[in-house]
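Input: a single structure, listed below in structure tokens.
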Amino acid sequence: MNKNDMILEVRDLTKVFPAGKGRTLKAVDSISFTVNKGECLAVIGESGCGKSTLARLVTGVEKATSGSILFMGEDVANAGRRELKAMRRNMQMIFQSPVSSVSPRMTIGTFLLEPYINYGICCRQEAQERISELLSKVRLNDDCLRKYPHQLSGGELQRVCIARAFSLDPRLLVCDEITSALDVSVQDDVLRLFHSLQTGSGIACLFICHDLALVSSFSDRVMVMYLGQTVEIIDSKRLGRDAVHPYTIGLLRSMLFVSSDRNKPLTAMKGELQSPVDIPENCHFCTRCPYAEKRCFLERPQLREVETGHLAACFRV
Ligand SMILES: Nc1ncnc2c1ncn2[C@@H]1O[C@H](COP(=O)(O)OP(=O)(O)OP(=O)(O)O)[C@@H](O)[C@H]1O
Ligand code: SF4
Ligand SMILES: [Mg+2]
């Protein structure tokens, strides 16, 4: 891959939180990955595996304990407040809950105008024209500009947040479970809309989700996390056929996503999840893996390339 194609390069990123009584919790544990221009990298994993912490680190909301994050060649992990503000023009985040993303005291018009004012992009009149154009792209009309957040439905409000994220034409969108707080009936609609805007604009995306079937249908690559670690990175089109990590296969099986002739005997995920507090330097999946052997409880398997562009962290592969 050409270095110039990379928008985001994350190396050995770690975030350790204190967990009381001198204990620690590694929410993100030596994670490395890249996102290329225009690419959608989906991050999936079960609750508590560190997805939101990763998003907060990448966007500079949270400071890393160690490791590096290069966004368009700039160091996010060590950026000061002013540098972060400049970077955020090119890196926008969309959160799970649209209600907590918009101040209840602000009209939608003010909320959408804010980025243009903050970054001195253009005059108010031009900003208003751009906002109208954006609103029509997210299938809302100018009537909503006078409204307050509580006067919109969850789906409408999330479409407003999507419009704002696209307003400055960023290079990267970091999306953390952007549909999971919405009513099931509108989730698909919002997702489809987001996807068409993202692919149409060529903006790269780090798309966090817990639904593997969903993300594999529209992302380019999938990164699977388990208790703070990356266990597999694979092309989305190859996921159903070529995934090798027992956890990824377990997820696929649990959604009846793989073909029945697949010769991999993991049927369900049994066993206890390890406590994330003071977790040993082992394969974190060892307590649930049907193939675990002694070594898996004592050593951490490194993420390595099993075939071109396909990485996995397991002693068996
Ligand atoms: N500020 C904090 N202080 C201490 N522990 C934290 C803090 N933030 C997150 N954690 C812990 O870090 C781990 C990862 O949390 P995170 O919110 O990143 O998970 P997640 O994958 O986003 O989960 P979910 O799918 O439920 O949103 C969890 O064990 C969580 O309890
Ligand atoms: S390293 Fe061992 S425990 Fe971990 S996934 Fe591979 S076989 Fe299972
Ligand atoms: Mg989360």
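The values are calculated or read from the model by the stated rules, or taken from the named source; none is laboratory data. For clarity, every value in this text was computed on a predicted model and none was experimentally measured. Every residue, glycine as well, gets a Cβ built from its backbone with ideal geometry; the counts of neighbours run over all protein chains shown. For accessibility, only protein heavy atoms count, side chains too; no ligands or nucleic acids. Shrake-Rupley method; radii C 1.70, N 1.55, O 1.52, S 1.80 Å.
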So for the pair SER275, SER180, with labels modelled 7 Å out along Cα→Cβ, what separation do we get in nm?
2.4
If you take the C-alpha gyration tensor of the chain, multiply each eigenvalue by 5 and take the square root, what semi-axes do you get, largest first, in whole Å?
36, 22, 18
Sorted by chain and then number, the residues having a modelled amide H within less than 5 Å of the amide H of GLU299, at least 5 places away or on another chain, are CYS283
Angle in degrees between helix 108-118 and the longest Cα principal axis of the chain, rounded to the nearest 10:
80
3J(HN,Hα) from dihedral phi, the range 307-317, Karplus parametrisation 6.51/-1.76/1.60, rounded to Hz, x for glycine, proline:
7, 3, x, 10, 10, 8, 10, 7, 5, 7, 10
Any idea how far apart ARG11 and LYS237 come out in nm if each label point goes 7 Å out from Cα toward Cβ?
3.1
Cα centroids of the range 192-215 and the range 1-73: how far apart, whole angstrom?
18
Counting only protein heavy atoms and rolling a 1.4 Å probe, one gets per residue an accessible area for the chain in Å² of 48
Please determine, in degrees from 0 to 90 and to the nearest 10, the orientation of helix 81-90 with respect to the longest principal axis defined by the Cα atoms of the chain, where the helix direction is its Cα long axis.
90
Extension gain GLN125-LYS147, at 0.36 nm per residue separation less the Cα-Cα distance, in nm?
6.0 nm
Return the equivalent ellipsoid semi-axes of the range 173-317 as a descending list in whole Å, where each equals the square root of 5 times an eigenvalue of the C-alpha gyration tensor.
29, 17, 16
Summing -39500 (n - 2.57) over every DSSP H run of at least 4 residues in the chain and dividing by its residue count gives a helix-only mean residue ellipticity at 222 nm, to the nearest 500 deg cm²/dmol, of -9500 deg cm²/dmol
Antiparallel versus total DSSP beta bridges in the chain: what percent is that, nearest 5?
60
Taking the Cα centre of the chain as the origin, how large is its charge dipole in debye, to the nearest 20, when only Lys and Arg (+1) and Asp and Glu (-1) carry charge on their Cβ atoms?
480
Given points 7 Å out from each Cα along the Cα-Cβ axis, report the SER201 to ARG295 separation in nanometres with one decimal.
4.6
Tally Lys/Arg at +1 and Asp/Glu at -1 over every other residue whose Cβ is under 15 Å from the Cβ of ALA79; what's the total?
+2
When the accessible area of the range 1-140 is split by element with a 1.4 Å probe, what percent falls to carbon and sulfur?
48
Only Cα pairs within less than 10 Å get springs; with that Gaussian network setup on the chain, which residue of ARG164, ARG130, ARG56 has the largest fluctuation?
ARG130
For the range 1-133, what does the relative contact order come out to in percent, with C-alpha contacts under 8 Å and a separation of six or more?
21
Candidate aspartates and glutamates - alpha carbon under 19 Å from LYS15, same-chain residues fewer than 8 apart omitted
ASP29, GLU46, GLU62, ASP75, ASP176, ASP278, GLU281
Distance violations [Cα-Cα > 29 Å] among LYS51/LYS147; LYS63/LYS147; LYS63/LYS294; LYS85/LYS137
LYS51/LYS147; LYS63/LYS147; LYS63/LYS294
Connecting every pair of Cα atoms under 10 Å apart in the chain and solving the GNM, the largest mean-square fluctuation among LYS85, LYS21, LYS237 falls on LYS21
Mean separation of Cα pairs under 8 Å and 6+ residues apart, divided by the residue count of the chain: what relative contact order is that in percent?
20
ALA19 label point, 7 Å along Cα→Cβ, cut-off 19 Å on backbone N: hits in the range 277-317?
277-289, 297-301
With the Cα gyration tensor of the range 46-205 giving a ≥ b ≥ c as the square roots of its eigenvalues, does the rule (a/c under 1.5 for rounded; else a/b larger than b/c for prolate; else oblate) give rounded, prolate or oblate?
oblate
Cα axis of helix 184-201 to longest principal axis of the chain: angle in degrees, 0 to 90, nearest 10?
80
